[in-house]
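Comments concern the structure below.
The values are calculated or read from the model by the stated rules, or taken from the named source; none is laboratory data. These figures come from a predicted structure and were not determined experimentally. Here the Cβ is made from the backbone with ideal geometry for all residues, glycine too, and neighbour counts use every protein chain on show.
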Amino acid sequence: MIQTPPVPQELIEAINSHNTFVIAGHRNPDADCLNSQLVLGSALNHLGKEVILLSPGPFDRHEIADYQEFFHDTIPKEFKDTKPLAIIVDCSTPDRIAPLGPQLEGLTVAVIDHHAAGTVFGEIRYIVPKAFSVTFLIFHIMQTLAVPITKLDAERLLFGLAADTGFFRHINEGRSEVFEMVAVLAEAGASPRDIYHTMYGDRSFTSKKLLGLLLSRTESMFDDRLLITWETIDEHNQFGEKERDSESLYAQLLSIAHCEVVLYIRQEQSQSCTVGFRAAANSSIDVGLVASEFGGGGHRKASGATLEMDLEKTKAIVTKTLSNYFTVTM
């Protein structure tokens with residue numbers, strides 16, 4: 001069994017020595033990021049600490065649409081004057097918290113993350129690339145600090161873990177520590193059934209129409225080893241962010257025989273595209289490394305990047321870069 005490294009003593013000492021905290025997450029937040037912030041904030045509140053949660057948003061994804069009320073986009077001056085410890089979660093590079101970065105200047109920064117690729121930043125770092133989610137690391141921090149897990153905290157920890165593992169599809173042999181955590185959370189009141197419904201249920205008919213459109217236009221390269229689909233800005237405006245069901249799209253395409261990598265390109269503006277990379281369980285290609293070539297980052301099996309160019313150029317440059325990986329691994 002893989003053993004999770006202990007929480008750095010430097011991080012524990014910093015938590016104990018500060019009374020105020022800012023917990024920040026990345027732009028375009030996901031369930032792992034937001035729930036890590038919420039649960040860490042809850043744990044610090046239990047210890048008598050004062051916490052502000054920061055997120056640049058947006059909160060458009062279906063499964064996190066109700067989260068915005070818990071987060072701020074600025075730090076009040078009087079709070080910053082207390083010199084809070086800034087904890088950044090789920091960020092492999094500092095630019096991912098833009099536009100929050102300037103607000104954290106002058107503060108001691110601790111980084112809690114599980115991405116292998118990215119830029120080294122922060123004075124205190126708890127980075128565990130083999131961890132499946134940041135909520136997994138927050139769980140270990142709570143255990144180290146002897147903070148009890150409430151039912152709500154358990155639900156949020158399980159949500160983040162399930163989201164980053166594709167509801168445990170990405171876990172292979174020798175990782176029983178993940179299910180030991182799930183057992184603790186279930187005992188504390190978290191329901192895997194309810195979390196699954198939050199992630200995949202209550203979808204609209206329109207979302208399935210968008211899913212069908214994206215599947216129908218998917219292109220194949222290298223004998224189905226690379227599959228590519230895309231969404232234009234007009235389609236984004238037509239369907240809306242909440243109708244996007246990315247995980248179902250990835251799951252459908254990765255289930256195709258011989259598929260190793262899926263690219264999902266989303267045109268955000270005329271000269272800006274976001275690229276989602278997903279790799280199959282048996283693929284040797286590290287899509288986190290691929291994303292880092294475009295200034296992005298992520299895990300071996302899931303990553304993303306933003307390219308400041310139009311849709312056609314984005315498709316061309318990303319597929320050309322990936323072609324080198326497929327040529328090497330043929």
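Going through the range 1-37 one residue at a time, which ones are of a type in the set (D, E, K, R) and either in a loop (DSSP other than H, G, I, E, B) or within 23 Å of S303 (Cα to Cα) (or both)?
Residues of the range 1-37 that are of a type in the set (D, E, K, R), as a first pass: 10, 13, 27, 30, 32.
Passing the criteria: R27, D30, D32.
So, of the residues in the range 138-161 that are touching a helix residue (DSSP H, G or I) at 6+ places or on another chain (Cβ under 8 Å), part of a helix (DSSP H, G or I) and free of Cβ contacts under 8 Å to residues at least 40 places away in the same chain, which turns out to be surrounded by the fewest Cβ atoms within 10 Å (Cβ to Cβ)?
Of the range 138-161, the ones touching a helix residue (DSSP H, G or I) at 6+ places or on another chain (Cβ under 8 Å) are 138-139, 141-142, 144-145, 147-150, 152-161.
Narrowing the set further to residues that are part of a helix (DSSP H, G or I) leaves 138-139, 141-142, 144-145, 152-161.
Okay, now just the ones that are also free of Cβ contacts under 8 Å to residues at least 40 places away in the same chain, so 154, 158.
Working: A154: 22, L158: 26.
Among those residues, the one meeting the criterion is A154.
Only one of these conditions is not met by L107: (1) part of a loop (DSSP other than H, G, I, E, B); (2) hydrophobic (A, V, I, L, M, F, W, C); (3) touching a helix residue (DSSP H, G or I) at 6+ places or on another chain (Cβ under 7 Å). Which number is it?
If we test L107 against (1) part of a loop (DSSP other than H, G, I, E, B); (2) hydrophobic (A, V, I, L, M, F, W, C); (3) touching a helix residue (DSSP H, G or I) at 6+ places or on another chain (Cβ under 7 Å), just (3) comes out false.
Pick out the one residue from I88, I52, I75, I112 that is among the aliphatic types (A, V, I, L, M), in the same structural domain as H26 (by TED's automatic domain parsing) and more than 25 Å from T144 (Cβ to Cβ). Show your work before the answer.
On the way: I88 fails: more than 25 Å from T144 (Cβ to Cβ); I52 fails: more than 25 Å from T144 (Cβ to Cβ); I112 fails: more than 25 Å from T144 (Cβ to Cβ).
After ruling out the rest, the residue left standing is I75.
Would you pick out the residues in the range 134-180 that are over 22 Å from L47 (Cα atoms) and over 19 Å from the mean Cα position of the chain (by Cα)?
Those that are over 22 Å from L47 (Cα atoms) and over 19 Å from the mean Cα position of the chain (by Cα): N172, E173, G174, R175, S176, E177, F179, E180.
On the given criteria, is G212 free of Cβ contacts under 8 Å to residues at least 60 places away in the same chain and surrounded by fewer than 20 Cβ atoms within 10 Å (Cβ to Cβ)?
yes
How many of the residues in the range 217-238 are touching a residue at least 40 places away in the same chain (Cβ under 8 Å) and crowded, with 17+ Cβ neighbours inside 10 Å?
Summing the residues that are touching a residue at least 40 places away in the same chain (Cβ under 8 Å) and crowded, with 17+ Cβ neighbours inside 10 Å in the range 217-238 gives 5.
Being part of a loop (DSSP other than H, G, I, E, B), out of contact with any helix residue (DSSP H, G or I) (no Cβ under 8 Å at 6 or more places or on another chain) and of a type outside the set (V, I, T) is the filter; apply it to the range 67-88 and report the residue that is surrounded by the most Cβ atoms within 10 Å (Cβ to Cβ). I'd like the intermediate steps shown before the answer.
Initially, the range 67-88 is screened for residues part of a loop (DSSP other than H, G, I, E, B), giving 67, 71, 73-76, 81-84.
From the residues that got through so far, the ones that are out of contact with any helix residue (DSSP H, G or I) (no Cβ under 8 Å at 6 or more places or on another chain) too are 73, 76, 81-84.
Keeping just the survivors that are of a type outside the set (V, I, T) gives 73, 76, 81, 83-84.
On the way: D73: 12, P76: 10, D81: 10, K83: 13, P84: 22.
The qualifying residue surrounded by the most Cβ atoms within 10 Å (Cβ to Cβ) is P84.
Scan the range 202-222 residue by residue and report those that are outside any helix (DSSP H, G or I) and either modelled with pLDDT of 90 or more or more than 24 Å from the chain's Cα centre (by Cα) (or both). First the steps, then the outcome.
Taking the range 202-222 first, the residues outside any helix (DSSP H, G or I) are 202-204, 217-222.
Within the range 202-222, R217, T218, E219, S220, M221, F222 meet the criteria.
Any residue at all in the range 299-310 that's within 23 Å of M199 (Cβ to Cβ), among the hydrophobic types (A, V, I, L, M, F, W, C) and within 19 Å of the chain's Cα centre (by Cα)?
Going residue by residue through the range 299-310, those that are within 23 Å of M199 (Cβ to Cβ) are 299-304.
Checking the rest, the ones that are also among the hydrophobic types (A, V, I, L, M, F, W, C) come to 302.
Then keep just the ones that are within 19 Å of the chain's Cα centre (by Cα); that gives 302.
Within the range 299-310, one or more residues are within 23 Å of M199 (Cβ to Cβ), among the hydrophobic types (A, V, I, L, M, F, W, C) and within 19 Å of the chain's Cα centre (by Cα).
Can you tell me which residue in the range 163-196 is nearest to A280 (Cα to Cα), limited to those that are touching a residue at least 60 places away in the same chain (Cβ under 8 Å) and in a helix (DSSP H, G or I)? Let's see the steps before the verdict.
The first filter runs over the range 163-196 and keeps only residues touching a residue at least 60 places away in the same chain (Cβ under 8 Å), leaving 163-164, 166, 169-170, 172, 174-177.
Retained after the next criterion (residues that are in a helix (DSSP H, G or I)): 163-164, 176-177.
On the way: A163: 16, D164: 14, S176: 21, E177: 22 Å.
Top of the filtered list is D164.
Of the residues R217, R169, only one is in the same structural domain as L40 (by TED's automatic domain parsing) and either among the basic types (K, R) or over 30 Å from Q9 (Cα atoms) (or both); which?
Values: R217 fails: in the same structural domain as L40 (by TED's automatic domain parsing).
Matching residue, one of R217, R169: R169.
Do we have N45 as assigned to a helix (DSSP H, G or I), surrounded by fewer than 18 Cβ atoms within 10 Å (Cβ to Cβ) and assigned by TED's automatic domain parsing to the domain that holds D113 here? Working first, answer last.
Details: assigned to a helix (DSSP H, G or I): yes; surrounded by fewer than 18 Cβ atoms within 10 Å (Cβ to Cβ): yes; assigned by TED's automatic domain parsing to the domain that holds D113: yes.
For N45, the condition - assigned to a helix (DSSP H, G or I), surrounded by fewer than 18 Cβ atoms within 10 Å (Cβ to Cβ) and assigned by TED's automatic domain parsing to the domain that holds D113 - is met.
Being surrounded by fewer than 16 Cβ atoms within 10 Å (Cβ to Cβ) and either touching a residue at least 24 places away in the same chain (Cβ under 8 Å) or of a type in the set (K, R) (or both) is the filter here, so list the residues in the range 239-264 that pass it.
Within the range 239-264, the subset surrounded by fewer than 16 Cβ atoms within 10 Å (Cβ to Cβ) is 240-241, 255-258.
Hits for the range 239-264 are G240, E241, I256, A257, H258.
How many of the residues in the range 89-104 are part of a loop (DSSP other than H, G, I, E, B) and within 20 Å of E241 (Cβ to Cβ)?
Step one: of the range 89-104, the residues part of a loop (DSSP other than H, G, I, E, B) are 90-93, 98-100.
Checking which are within 20 Å of E241 (Cβ to Cβ) leaves us with 90, 98-99.
Of the residues in the range 89-104, 3 are part of a loop (DSSP other than H, G, I, E, B) and within 20 Å of E241 (Cβ to Cβ).
So which of A31, A98, A24 ends up being hydrophobic (A, V, I, L, M, F, W, C), under 18 Å from the mean Cα position of the chain (by Cα) and surrounded by fewer than 18 Cβ atoms within 10 Å (Cβ to Cβ)?
Working: A31 fails: surrounded by fewer than 18 Cβ atoms within 10 Å (Cβ to Cβ); A24 fails: surrounded by fewer than 18 Cβ atoms within 10 Å (Cβ to Cβ).
It is A98.
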